[in-house]
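As structure tokens, the structure follows; a few thoughts come after it.
The values are calculated or read from the model by the stated rules, or taken from the named source; none is laboratory data. Because the structure is a prediction, the values reported are computed rather than measured. Note: ideal-geometry Cβ built from the backbone for every residue, glycine included; neighbour counts use all protein chains shown.
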Amino acid sequence: MVLLVQLRNGTRVSEAIDACREMQATNSREVQIMCRKQRKNPNVRLVVYPEELSFNLIRGYDFSILTSAVLRSYALKRFGFNTHSLRYAFVTHALKRGVSPVILAKITGHKDLSVILTYAQTQSAHQLLKDALRYNIQSLK
């Protein structure tokens, strides 16, 4: 549940845990949470509970035992990925759908737009190379 909240909102894993705790406490599908890496000028961001999940799941869960380290370890052992890759997946999907990097930086809580721009440029470069390779292979047939 927490991993899907993270994926759907592009949060850090710790922010997804905070959001789930707040959703449970307030019985709300939408909550505002503090962005973790912004200590000097903290920023809040909206986190929305995924439509795919029944809200009853969150009501009965004991979040007091859940930590970022436990969830990171679980995701790596169970699914073979780092939880931060869910954040990258969110960014990649949003960029492919045409979401502006400025809006995406706001959604993900990045104060520095260069992080999103660097990621967007890297993704575009990789896609360009893949497309070029695919085109060359098809032209050889």
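Looking at the structure I just gave you, is Asp62 closer than 25 Å to Arg21 by Cβ, loosely packed, with under 12 Cβ neighbours inside 10 Å and among the charged types (D, E, K, R)?
yes
Conditions: (1) over 25 Å from Thr122 (Cα atoms); (2) free of Cβ contacts under 8 Å to residues at least 24 places away in the same chain; (3) not in a helix (DSSP H, G or I). Gly98 meets all but one. Number of the miss?
For Gly98, the exception is condition (1).
For segment 100-119, enumerate the residues that are within 15 Å of the chain's Cα centre (by Cα) and surrounded by 14 or more Cβ atoms within 10 Å (Cβ to Cβ).
Pro101, Leu104, Ala105, Lys106, Ile107, Thr108, Gly109, His110, Val115, Ile116, Tyr119
(1) in contact (Cβ under 8 Å) with a residue 12 or more places away in the chain; (2) in a loop (DSSP other than H, G, I, E, B): which one isn't true of Val5, the others all being true?
(2)
With among the hydroxyl-bearing types (Ser, Thr, Tyr) and surrounded by 15 or more Cβ atoms within 10 Å (Cβ to Cβ) as the only criterion, which of Ser68, Ser73 stands out?
None of the others qualify; the one that does is Ser68.
Looking at Ser28, Ser14, Ser54, Ser64, which one is touching a Lys or Arg at 6+ places or on another chain (Cβ under 9 Å), farther than 27 Å from Ser114 by Cβ and either modelled with pLDDT of 90 or more or in a helix (DSSP H, G or I) (or both)?
Only one candidate qualifies: Ser64.
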